[in-house]
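Peer 1: The structure follows.
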Amino acid sequence: MKINLTKYSLVGIATLLALIIFVVPYSASIEYSLRGDFGKGHNLTNYYWFIHQDGFLSHLSLSLELGLLAGILNLLLMVPTATMLHLSLQRYKPIVDFICILPLMIPVVSLAVGAEYSMPSFIQNSQFELVFFFVILALPFTFRVLDSALSAVPLKTLVEASRSLGASWPSTIIRVVLPAARGGISSAFFLSFALGIGEYTMTSLLHWETFTTWTVVISQQNLLGSIALSTFSFLFAVALLVVIAIATSRRKIRKNSEIQLVEETV
Amino acid sequence: MSKGSELVITGISRSFGAVRALDQFSLTITPGELVCLLGPSGCGKTTALRIVAGLEKADSGSVFLDGEDLLAKDAAQRDIGMVFQSYSLFPNMTVAENISYGLKVRKHSKQKISQRVDEMLELVSLQSKINNFPHQLSGGQQQRVALARALAIEPRVLLLDEPLSALDAQVRTQIRDEIRRIQLESGTTTLFVTHDQEEAMAISDRVGVMQHGRLEQIDSPNTLYNKPATTFVAGFVGITNYIPSVVESKGEVQVLGQLLDISEHSQAVKKGEEVRAMVRPESIQIEKASHGPTVITKSFLGPMTRIGIDAGLKDLIYAELSSKDAKKFEMGDHVTVTIKTDSVMVSHA
């Protein structure tokens, strides 16, 4: 068999570059965060330090809560919107597309002030107003992801097939549309969730304190502790991504394991 | 198995902007009958089918199924099975889950669902694929699952929207015959939409030829081919030679030097008018000659061979002979051309 050396060389170089760009800095961070006092030895002192700081758990849980709510609200808003745009309102897609790009075009300061004053006062006075801001900030990404996922399946025909078989609209959405776009939905959720737990600028501008703003404040007290905190945040986000990815693909893996290989006959 | 129902479509019209897709379209399908709607792209056949299914709204007209007004019902309440061109199997469900989908939403018992799924899998001979996902099946297998899924709910009418278009030629013939066998076994009233005339002729009890949103003619395949009601039907169904001719008298036309009767469904023509006579290739007889028209092309079609003859006209004249008889003709041979029919359909030149 003829081996394409050029192709393999390029793949090798790309992999090496990726390793250098991603692995080296994070490995260095992990190593640095484990250094003991005065750079001697390696231990978990820096991790113990930030865990025992006041507000660690409360801020982390608040950020997780806000991220979770942002993810759910985003799906509640965008899944029906994207579905309708694919089924019967295709002509409105450019308009929605434009609206969803706006959060990237409008400076965060303008967005924060404008949106803040457009909200009812009982929301303005609650830290949960951040959920709405996180949803807005995540729109450009979640809409793209959902739009691509729904474009990849013949949604209109699937819905028509479901309806012709006697399924109601809610049943069709739950049994056909959501599973067909499951990959996109889980990605959209994760994007909103990750943005929610990692957002700093808007939160800081609106004078709310979440895990990210707390991290900035606390990091000023201890250099090695701040690196340990950053490393923790990164690993925590990766772990969440892995958990969500496994949870959303579990059914598929289970089903695939049950079936035998098929011969390509009629 | 379900008993067939009577489907009566009366005066359905549907426009999309300025385009009139259906224009006073009417059709009655008797219980257990398989009717094909045949026509070129954009003739309105799929729109008619989708209106029956409830996936499209009609501007006017009515659709009755066993006397029940279908247009008043939602698509989900019509008890109609539909098979789509693009299979449209639910990708996240196995074959069994796809087939049982309609039964589950109807809240049938688990035992009944399981029994019905087994029956359907046996009907389409796919018992071994029960746990496979759609992407693990070939196109033919997927369409058989789609058919089983549509029939599982024991529909009163089965609608098939170009179900064979995405399949290759060999599989298409196989699935086509299977659809007919299953339809006859189940006795389900069926409306089949296609643009493939061979498919329509092979599978149907009756074929309706459509043009510009209207039915031009609906008849048995045999009648449609041999006694087309309009020049469009004659031209659309089967291969036709359009031979320049001259009207000799009110009922006669001269074609290639032969005097032939003008068929009753022809367009109105005047004496002396130059027209086009429509002659089927199998009605053309050729004999070897020392001079005259020349054999230009020879296409082997299996049992038949189509021979193209240059008779000095704008287009070649095609004759269809048994491949055994066609052996004696080679390209470049001179031949005499005779028309073996008493009457021909004519249209304005």
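Peer 1: Residues that are among the small types (Gly, Ala, Ser) and assigned to a helix (DSSP H, G or I): does the range A:88-110 have at least one?
Peer 2: Yes, the conditions are met somewhere in the range A:88-110.
Peer 1: Something else now. Give me the residue from the range A:160-178 that is within 28 Å of the chain's Cα centre (by Cα) and surrounded by 19 or more Cβ atoms within 10 Å (Cβ to Cβ) and, out of that set, farthest from the other protein chains (Cβ to nearest Cβ).
Peer 2: Residue satisfying both the conditions and the ranking: A:Val177.
Peer 1: What's the number of the only condition in (1) facing chain A (nearest Cβ under 8 Å); (2) more than 24 Å from the chain's Cα centre (by Cα) that B:Ile80 fails to meet?
Peer 2: (2)
Peer 1: Now for a separate question. Inside the range A:209-221, can you point out the residues that are over 27 Å from A:Ser187 (Cβ atoms), modelled with pLDDT under 85 and buried (at least 16 other Cβ atoms within 10 Å of the Cβ)?
Peer 2: If the condition is that a residue be over 27 Å from A:Ser187 (Cβ atoms), modelled with pLDDT under 85 and buried (at least 16 other Cβ atoms within 10 Å of the Cβ), then A:Ile218, A:Ser219 are the ones that fit.
Peer 1: I'm told B:Ser347 meets every condition in (1) within 26 Å of B:Thr223 (Cα to Cα); (2) free of Cβ contacts under 8 Å to residues at least 60 places away in the same chain except one. Can you identify the failing condition by its number?
Peer 2: (2)
Peer 1: Can you tell me how many residues within the range A:112-137 are at pLDDT below 85, part of a helix (DSSP H, G or I) and aliphatic (A, V, I, L, M)?
Peer 2: 4
Peer 1: Let me ask another. Right, A:Phe232: more than 14 Å from every other protein chain (Cβ to nearest Cβ), touching a Leu at 6+ places or on another chain (Cβ under 8 Å) and in contact (Cβ under 8 Å) with a residue 12 or more places away in the chain or not?
Peer 2: So A:Phe232 fails the test.
Peer 1: Would you pick out the residues in the range A:57-81 that are without any contact (Cβ under 8 Å) to a residue 60 or more places away in the chain and over 29 Å from A:Val159 (Cβ atoms)?
Peer 2: Correct list: A:Leu57, A:Ser58, A:Ser61, A:Glu65.
Peer 1: Identify, from the list A:Met105, A:Met84, the residue that is within 21 Å of the chain's Cα centre (by Cα) and without any contact (Cβ under 8 Å) to a residue 12 or more places away in the chain.
Peer 2: A:Met105
Peer 1: Any idea how many residues of the range A:36-57 are exposed (fewer than 12 other Cβ atoms within 10 Å of the Cβ) and of a type in the set (Gly, Ala, Ser)?
Peer 2: Here the count works out to 2.
Peer 1: Among the listed residues B:Ile307, B:Ile317, identify the single one that is free of Cβ contacts under 8 Å to residues at least 24 places away in the same chain and under 24 Å from B:Val233 (Cα atoms).
Peer 2: Criteria check complete, one pass: B:Ile307.
Peer 1: Name the pairs: first residue in the range A:208-227 and free of Cβ contacts under 8 Å to residues at least 12 places away in the same chain, second residue buried (at least 19 other Cβ atoms within 10 Å of the Cβ) and assigned to a helix (DSSP H, G or I), Cβ to Cβ under 7 Å, at least 6 apart or on different chains?
Peer 2: If the second residue must be buried (at least 19 other Cβ atoms within 10 Å of the Cβ) and assigned to a helix (DSSP H, G or I), the pairs left are A:Ser219/A:Ser226; A:Ser219/A:Leu229.
Peer 1: So, in the range B:150-200, how many residues would count as being in a helix (DSSP H, G or I), surrounded by fewer than 20 Cβ atoms within 10 Å (Cβ to Cβ), of a type in the set (Asp, Glu) and touching a residue at least 60 places away in the same chain (Cβ under 8 Å)?
Peer 2: 1
Peer 1: Which one of these is over 19 Å from B:Val193 (Cα atoms), in contact (Cβ under 8 Å) with a residue 12 or more places away in the chain and either among the acidic types (Asp, Glu) or not in a loop (DSSP other than H, G, I, E, B) (or both): B:Gly81, B:Gly61, B:Gly11?
Peer 2: None of the others qualify; the one that does is B:Gly61.
Peer 1: It is to be established whether one or more residues within the range B:218-230 are part of a strand (DSSP E or B) and without any contact (Cβ under 8 Å) to a residue 24 or more places away in the chain.
Peer 2: Yes, some residue in the range B:218-230 is part of a strand (DSSP E or B) and without any contact (Cβ under 8 Å) to a residue 24 or more places away in the chain.
Peer 1: State all residues of the range B:105-128 that are within 11 Å of another protein chain (Cβ to nearest Cβ), within 20 Å of B:Gly81 (Cβ to Cβ) and not in a loop (DSSP other than H, G, I, E, B); if no residue qualifies, say none.
Peer 2: The one that is within 11 Å of another protein chain (Cβ to nearest Cβ), within 20 Å of B:Gly81 (Cβ to Cβ) and not in a loop (DSSP other than H, G, I, E, B): B:Val105.
Peer 1: Is it fair to say A:Pro140 is without any contact (Cβ under 8 Å) to a residue 40 or more places away in the chain, under 19 Å from the mean Cα position of the chain (by Cα) and part of a helix (DSSP H, G or I)?
Peer 2: Spelling it out, it is not the case that A:Pro140 is without any contact (Cβ under 8 Å) to a residue 40 or more places away in the chain, under 19 Å from the mean Cα position of the chain (by Cα) and part of a helix (DSSP H, G or I).
Peer 1: Can you tell me how many residues within the range A:18-28 are of a type in the set (A, V, I, L, M, F, W, C) and either closer than 17 Å to A:Thr231 by Cα or at pLDDT 90 or above (or both)? Please lay out each step first, then the result.
Peer 2: Initial filter on the range A:18-28 (of a type in the set (A, V, I, L, M, F, W, C)): A:18-24, A:28.
Add one more test, that the residue is either closer than 17 Å to A:Thr231 by Cα or at pLDDT 90 or above (or both), and what stays is A:21-24, A:28.
Going through the range A:18-28 one residue at a time, the tally reaches 5.
Peer 1: Look through the range B:133-144, keep the residues that are buried (at least 21 other Cβ atoms within 10 Å of the Cβ) and of a type in the set (S, T, N, Q), and return whichever of them is nearest to the other protein chains (Cβ to nearest Cβ).
Peer 2: Out of the qualifying residues, it is B:Gln141.
Peer 1: Right, something else. What residue, among those in the range B:158-189 that are among the β-branched types (Val, Ile, Thr) and within 22 Å of B:Leu7 (Cα to Cα), is modelled with the highest pLDDT?
Peer 2: B:Thr189
Peer 1: Here is a follow-up. Quick one: B:Leu22 ticks every box in (1) without any contact (Cβ under 8 Å) to a residue 40 or more places away in the chain; (2) in contact with a strand residue (DSSP E or B) (Cβ under 8 Å, 6 or more places away or on another chain); (3) hydrophobic (A, V, I, L, M, F, W, C) bar one, so which box is it?
Peer 2: If we test B:Leu22 against (1) without any contact (Cβ under 8 Å) to a residue 40 or more places away in the chain; (2) in contact with a strand residue (DSSP E or B) (Cβ under 8 Å, 6 or more places away or on another chain); (3) hydrophobic (A, V, I, L, M, F, W, C), just (1) comes out false.
Peer 1: Condition (residue is exposed (fewer than 11 other Cβ atoms within 10 Å of the Cβ) and at pLDDT below 90) applied to the range B:275-289: is it met by at least one residue?
Peer 2: no
The values are calculated or read from the model by the stated rules, or taken from the named source; none is laboratory data. Because the structure is predicted, anything quoted here is derived from the model rather than measured. Using ideal geometry, Cβ is built from the backbone for each residue, glycine included, and neighbour counts are taken over all protein chains shown.
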